[in-house]
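**Student:** Right, I'll just put the structure down here and ask away after.
The values are calculated or read from the model by the stated rules, or taken from the named source; none is laboratory data. All figures in this text were calculated on a predicted structure; none of them were measured in a lab. Positions of Cβ are backbone-derived with ideal geometry, glycine not excepted, and every protein chain shown enters the neighbour counts.
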Amino acid sequence: MSAADTLNSAMAPSLAKLDIDALQSAVADAKANNVEARLIARAEAKLEQAKKRQASLNRPAPASRSGQVSSAVLSLLPTAVRNSGASRRPSAVSEGIQLSGWLVKNRGGKPLDNGTVRRWFHQSGFHLRTYEGESTRECSTLDLRNVVSIQPSRDPLAADGVDIMMKQKLLIVVFPQEENSQRADWLRLWTSTAKADAVAAPLLSWRDANLAYRLDAEYWDQPVASSVMQRVSAIGGASKLHSPRQKPTGQPPPSPAVSAAEMDEDAAELEQSASIIAAKQQAEEEEAAEKAAEEKAAREKAAREKAAEEKAAAERAAAARMEKERMEKARAEEARAEAEEAERAEAEKKEQAAKERAQLAAIEKAEAEAAALAAAEAKAEAERAAAVRASEERSAAAAAAEKAAAAAAAAAAAAAESAPMEDVPLQAETGKAARAEKEKAAKAEKERAARAEKERVAAEKAEKARVAAEKSAAKKAAAEQAKVDKEKEKEKEKEKVKKAEQAEEGGKPPSLVAHSTAPSAYQVKLPSSNVQGSIFAALPNGNRVFLEVPKNAPPGSIIDFNALPVPEPVSVMASMTAMNEYEVVVPAAASARGSILRAMTPHGVGVVVPVPPEAVAGSKVAFRAPIPAAMQQVRLPLATKAQGSEYTVALPAGVEGGAKLKALLPNGEVISITVPENGAGKSIFFKVPKSVAR
């Protein structure tokens, strides 16, 4: 037997016959086995009544608290039911096995908190019918031979009601609290209608064996009642019943005889039980109200906390969104600046390439002109050599002719000496002709030499004229190209000035514009907010320099100035010996003797550092600079760059793990870092965003 059944059996006897020790043991066992709290409460209430009765038998029973009703079903559900001593007294059921009256039931087999209805109940034999009124239409028909079990109701709203478990559904019945309540009659009839093994132990005392015998004897063959179609079927449907009946044989058992004293005890017991149950119900209702108030307060508090959390989350999300937008804007500005820088670098690269191509073309053209001139000179030299050879040949021919003439003259003289006298005139005449021929040949040779020289001079003049014409054409083309380049340069300068103005309007330092003629010449538009003699910052090709506004230069004007080529960004590292000692790395562009460097300390102080004569690119130059007054009060640990965006900082003495620490970056930024748990007394590494590192 389970602990619940044991508890029900211990509670079944009346107060006069109740075994207090057995009930106490059953209550303790029920608590140990987690039996339903409502059943334990009823047992404790009855135990308390028995103890009080035993302590004082003459104490009057307390009046029942009629009128206490459950808020779930209004006035239809009682807090206590009074049987008026009729628990075991024979009723009208004994004479004509039928009973009628108003009762309250559940809806559709569901718990009472889903709704209740008030119906007129009428039972005849095994048939139980419900009506909306005493003379209205029928609502349902049940055959009590289909009862599976009948027990005190487990529904917390049913008070002293009963649960009748049918084959089809659960019927929960609550008895209205009226002066002539029929609760005892209904319980006696229903427990007698059901089989004995279907009745729970707490209700077995209501069962009348004689009445059960009469029901089986008179109504065993009663047709089966249909609860769905609400019609009566033939006797052949008996096989569908849960507990079909047979006509009993033998003598009926005697009817129970109950003494008046026991009935009075039961009446007092029920009144006292009703009072205790009402008090318990009131306490439970008050406790439920307090619990509901606490739950409401908890819900309101949770709602407020949730609203506060949602508000805080929304604020954090808004702050994160603003920070994200700021970072995105900064990245966009950085990307735009990098794109502009890349564009400028590309333009300068293209311009330099164009200049190199122009220079190469000029060199090639000059080389071609030199080659042409050399060819002309070689041609003239060849012509001169040919003329010299021709002159030499002519001279040799003339010499040969003279030699031949001399030989002829000698032969003629010899012949004249040997010849008679009359031949002398002929020989003289022959020598004269030879001389004339010789003179004629020499004259012709001179004329040819003169013509050759004249042709050579004319050829030289023509070549010089051609070379001069080509030089003039090249000079004219170079002038045209220079004019085009100058126009392009002016357009570039205008565009750079426009960008500088836009940058100035956006609160950024203006960008210097380098002339194409010299890498050390710059041009900048003065900010409108600067006055003569003031210092302002500029960004030539992304490098920060400081300039002084010259005299007689109005705001917004464009000035030219000469300076060393802008070096790469200078990294200034504070020396480990003192906070006002610094080092600067000499860039390649500033290694010339007499150069100067402009730098900024981590505290934002701009300085001018002269480059020593012995310094070379990559060497370090030490210098000193004052610490601002605002920074002299605070000595922050200096973070040194390790690699990329990683930095290292030596922790001051006394700093524990988990503490917040401010450190100074080389670019002057002050950041807050958290010391790791195992980082006390050591140097720690940490990363910073690229935007901060720059």
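**Student:** So which of 319, 368 ends up being surrounded by fewer than 14 Cβ atoms within 10 Å (Cβ to Cβ), free of Cβ contacts under 8 Å to residues at least 40 places away in the same chain, outside the structural domain of residue 449 (by TED's automatic domain parsing) and over 30 Å from residue 446 (Cβ atoms)?
**Tutor:** Exactly one residue qualifies, and that residue is 319.
**Student:** Any residue at all in region 137-157 that is touching a Cys at 6+ places or on another chain (Cβ under 9 Å) and either crowded, with 16+ Cβ neighbours inside 10 Å or at pLDDT below 75 (or both)?
**Tutor:** No; the residues of region 137-157 include none that is touching a Cys at 6+ places or on another chain (Cβ under 9 Å) and either crowded, with 16+ Cβ neighbours inside 10 Å or at pLDDT below 75 (or both).
**Student:** Let me ask something additional. Can we say residue 313 is under 47 Å from the mean Cα position of the chain (by Cα), of a type outside the set (Phe, Trp, Tyr) and in a helix (DSSP H, G or I)?
**Tutor:** When the stated conditions are applied, residue 313 passes them.
**Student:** Quick one: residue 189 ticks every box in (1) at pLDDT 90 or above; (2) part of a loop (DSSP other than H, G, I, E, B); (3) aliphatic (A, V, I, L, M) except a single one, so which number is it?
**Tutor:** (2)
**Student:** For region 671-694, how many residues meet the condition of being at pLDDT 80 or above and closer than 23 Å to residue 583 by Cα?
**Tutor:** 1
**Student:** I'm checking my understanding of the structure. Among residues of region 124-136 that are in contact with a strand residue (DSSP E or B) (Cβ under 7 Å, 6 or more places away or on another chain) and loosely packed, with under 12 Cβ neighbours inside 10 Å, which one is modelled with the highest pLDDT?
**Tutor:** Among residues in region 124-136 that are in contact with a strand residue (DSSP E or B) (Cβ under 7 Å, 6 or more places away or on another chain) and loosely packed, with under 12 Cβ neighbours inside 10 Å, the one modelled with the highest pLDDT is 133.
**Student:** Are there any pairs with C-beta distances below 9 angstrom linking a residue in region 114-126 that is not assigned by TED's automatic domain parsing to the domain that holds residue 195 to a residue that is surrounded by 15 or more Cβ atoms within 10 Å (Cβ to Cβ) and not β-branched (Val, Ile, Thr), with the two at least 6 apart or on different chains, and if so which?
**Tutor:** Within 9 Å, no pair qualifies.
**Student:** At pLDDT below 95 and over 27 Å from the mean Cα position of the chain (by Cα): which single residue out of 324, 301 fits that description?
**Tutor:** Testing whether each residue is at pLDDT below 95 and over 27 Å from the mean Cα position of the chain (by Cα) leaves just 301.
**Student:** Hey, among the residues in region 139-186 that are part of a strand (DSSP E or B) and among the polar types (S, T, N, Q), which one's nearest to residue 123 (Cα to Cα)?
**Tutor:** Taking region 139-186 first, the residues part of a strand (DSSP E or B) are 139-143, 147-152, 162-166, 170-174.
With among the polar types (S, T, N, Q) added as a condition, the list becomes 140-141, 149, 151.
Values: 140: 12, 141: 10, 149: 18, 151: 19 Å.
Among those that are part of a strand (DSSP E or B) and among the polar types (S, T, N, Q), it is 141.
**Student:** If you don't mind, there's one more thing I want to ask. When you look at residue 484, is it β-branched (Val, Ile, Thr) and within 30 Å of residue 375 (Cα to Cα), yes or no?
**Tutor:** Considered against the rule, which asks whether it is β-branched (Val, Ile, Thr) and within 30 Å of residue 375 (Cα to Cα), residue 484 comes out as no.
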